Amino acid sequence: MTQTAAITPPADTTPRTGTKASGLLLAIILVGQFLAILNVNIVNVATPTIEADLHSSGAGLQMIVAGYTIVYAVLLITGARVGDLFGYRNAFLGGLALFTVTTLGAGLAPSTGWLVAFRLLQGAGAAMMMPQVLTLIQRNYHGQARGRAIGLWSLVISGGIVVGQALGGILLGIGAGWRVVFLVLVPIGLLLLAAGFKVLPADEGGGRAGLDPWGLATLSAAVLLLVVPMVLGREFGWPLWGWISMALSVVMFAVFVRIERWVTARGGRPLVNARVLRAPGMRPGLAILLLGPATWGAFLFTSALHLQGDLHLTPLASGMMLVPCALAFGLVGLFWPRLPAPLQRPLVPFGYVVAAPAYLGLGLAAGGGLPYAVMSALVGAGLGVQVAVTNMATEQVDGEFAADASGALLTVMQLGQVIGVSTVGTLFISLSQGHGTVSASLMSSIAMAALAVLAGLSSIFLVRRRVPARA
């Protein structure tokens with residue numbers, strides 16, 4: 001097969017910046033990412049107290065929880081392009097500043113409407129910040145150093161979700177109130193801003209002109225039309241407008257592809273350069289990073305409902321029950337680059353071989369206790385190979401197109417989680433209403449195992465690709 005993607009030049013295995021600066025750089029951007037991930041789930045356990053304090057309606061509560069995710073998913077590609085145009089440092093710090101200010105606003109919101117508005121702006125800040133994290137890793141780290149950095153990046157993603165639920169439970173459990181759920185993050189954001197201005201390396205982005213407004217408009221519309229009904233449809237009983245919206249999203253994705261071809265033919269700068277998608281491993285990597293996170297999002301959603309449902313655990317206890325899963329996920333990601341090179345690529349399909357039966361085991365161990373914790377740890381260990389997938393998908397993308405790759409990967413991962421929650425989550429809720437969450441867990445575990453099998457089959461196309469030798 002002819003390979004048209006540019007190959008990243010040989011590079012040393014140490015970061016381009018100095019050792020001390022690179023460690024601080026990684027710490028700053030990963031803590032910023034942690035804050036953004038934390039905000040996805042930390043508010044979930046606070047909704048009853050928000051409802052009582054602000055007298056929120058059901059629709060208002062839905063937007064408080066889901067508005068952040070919707071805006072974040074829609075604007076990820078835009079955030080990646082902003083970093084490409086104005087500098088990754090500037091985009092990260094700008095997104096962090098917006099996120100911090102609106103987090104303060106959310107904590108002080110006097111009404112449901114204000115809280116919804118601040119949550120939407122929080123999502124915009126996160127979407128500006130998050131793509132720069134992966135882009136900065138791609139541009140500053142190579143070889144084993146890059147593998148370790150992506151391992152930490154993945155650990156922060158998995159850990160942030162679990163910590164968000166547990167931390168929310170702790171704060172509410174000690175009577176701190178829902179506002180502290182937001183306000184506790186503000187000082188951390190301010191410290192990161194101060195450190196970031198001193199440590200993050202100055203850059204001018206990709207140095208390529210052009211915003212591709214038509215591409216941005218059509219892709220944003222396509223993602224919005226898909227995400228909104230998937231996030232809100234379950235609560236509204238899957239109304240007709242939701243199905244129409246999802247059908248229109250397919251049309252808009254097709255229009256986006258045509259527009260990108262037209263922009264490229266005219267010598268313009270497309271939103272997602274075709275050379276990125278043609279890079280060895282990128283397309284199978286995108287398929288895996290759609291299916292794998294779909295199982296992950298579905299697992300976290302259904303397990304929280306089950307543990308707090310038939311098993312009657314508190315939000316804090318249910319969050320702690322998932323700690324073995326998050327730790328296993330992170331440890332596999334961290335130790336993957338240390339394996340002998342001949343073993344690294346075959347590890348990917350093997351991970352899904354572990355994850356699929358582990359999902360089935362979760363359904364059989366739905367009574368909780370040690371068997372459930374062990375099965376969840378095996379799920380985390382199996383899905384930990386997604387760190388390797390991210391590295392393999394981007395290793396042959398030219399550094400000039402790092403932002404394009406970051407935006408595409410993060411958007412696909414976010415869509416995968418939304419799809420997993422909306423499909424498997426709907427199945428779980430429907431079954432639990434008549435038979436309880438134990439029975440529903442068994443059926444939903446079968447669906448998650450099937451998705452893991454599909455991800456494993458897709459990974460075969462990734463690991464079979466030959467990687468050009470480097471100096």
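The values are calculated or read from the model by the stated rules, or taken from the named source; none is laboratory data. Everything quoted here is computed from the prediction, not taken from an experiment. Cβ coordinates were reconstructed from backbone atoms using ideal geometry, including for glycine residues, and neighbour counts include every protein chain displayed. Surface areas here come from the heavy atoms of the whole protein model, side chains and all, with no ligands, DNA or RNA. Shrake-Rupley method; radii C 1.70, N 1.55, O 1.52, S 1.80 Å.
Looking for whichever is modelled with pLDDT under 90, open to solvent by 50 Å² or more (accessible area, probe 1.4 Å) and more than 25 Å from the chain's Cα centre (by Cα) here; the options are 283, 208, 266. Which one fits?
Exactly one of 283, 208, 266 is modelled with pLDDT under 90, open to solvent by 50 Å² or more (accessible area, probe 1.4 Å) and more than 25 Å from the chain's Cα centre (by Cα), namely 266.
Kindly list the number of the only condition in (1) modelled with pLDDT of 90 or more; (2) surrounded by fewer than 18 Cβ atoms within 10 Å (Cβ to Cβ) that fails for residue 346.
Condition (1) is where residue 346 drops out.
Specify the residue that is farthest from residue 449 (Cα to Cα); the eligible residues are those in the stretch 304-320 that are crowded, with 24+ Cβ neighbours inside 10 Å and modelled with pLDDT of 80 or more.
Once the filter is applied, the top-ranked residue is 307.
Can we say residue 261 is touching a Phe, Trp or Tyr at 6+ places or on another chain (Cβ under 8 Å), closer than 26 Å to residue 215 by Cα and in a helix (DSSP H, G or I)?
So residue 261 fails the test.
So, in the stretch 227-263, how many residues would count as being open to solvent by less than 80 Å² (accessible area, probe 1.4 Å) and under 28 Å from residue 86 (Cβ atoms)?
The qualifying residues number 9.
Quick one: count up the residues across the stretch 17-66 that are surrounded by 17 or more Cβ atoms within 10 Å (Cβ to Cβ), modelled with pLDDT under 85, within 24 Å of residue 83 (Cβ to Cβ) and small (Gly, Ala, Ser).
1
Could you check residue 144 against (1) of a type in the set (S, T, N, Q); (2) open to solvent by 20 Å² or more (accessible area, probe 1.4 Å); (3) modelled with pLDDT of 80 or more and say which number it fails?
(3)
In the stretch 102-141, which residues are open to solvent by less than 20 Å² (accessible area, probe 1.4 Å), more than 14 Å from the chain's Cα centre (by Cα) and under 17 Å from residue 71 (Cβ atoms)?
102, 103, 105, 106, 109, 115, 119, 122, 125
Quick grid of which residues meet (1) farther than 26 Å from residue 226 by Cβ; (2) in contact with a Lys or Arg (Cβ under 9 Å, 6 or more places away or on another chain):
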residue	(1), (2)
382	yes, no
387	yes, no
393	no, yes
400	yes, yes
404	no, yes
408	no, no
417	no, no
420	no, no
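Going by what's in this entry, would residue 159 be described as closer than 17 Å to residue 304 by Cα, of a type outside the set (A, V, I, L, M) and open to solvent by 10 Å² or more (accessible area, probe 1.4 Å)?
Yes: the conditions hold for residue 159.
Do we find a residue being modelled with pLDDT of 85 or more, under 23 Å from residue 157 (Cα atoms), open to solvent by 10 Å² or more (accessible area, probe 1.4 Å) and in contact with a Ser or Thr (Cβ under 7 Å, 6 or more places away or on another chain) anywhere in the stretch 399-417?
Scanning the stretch 399-417 turns up no residue that is modelled with pLDDT of 85 or more, under 23 Å from residue 157 (Cα atoms), open to solvent by 10 Å² or more (accessible area, probe 1.4 Å) and in contact with a Ser or Thr (Cβ under 7 Å, 6 or more places away or on another chain).
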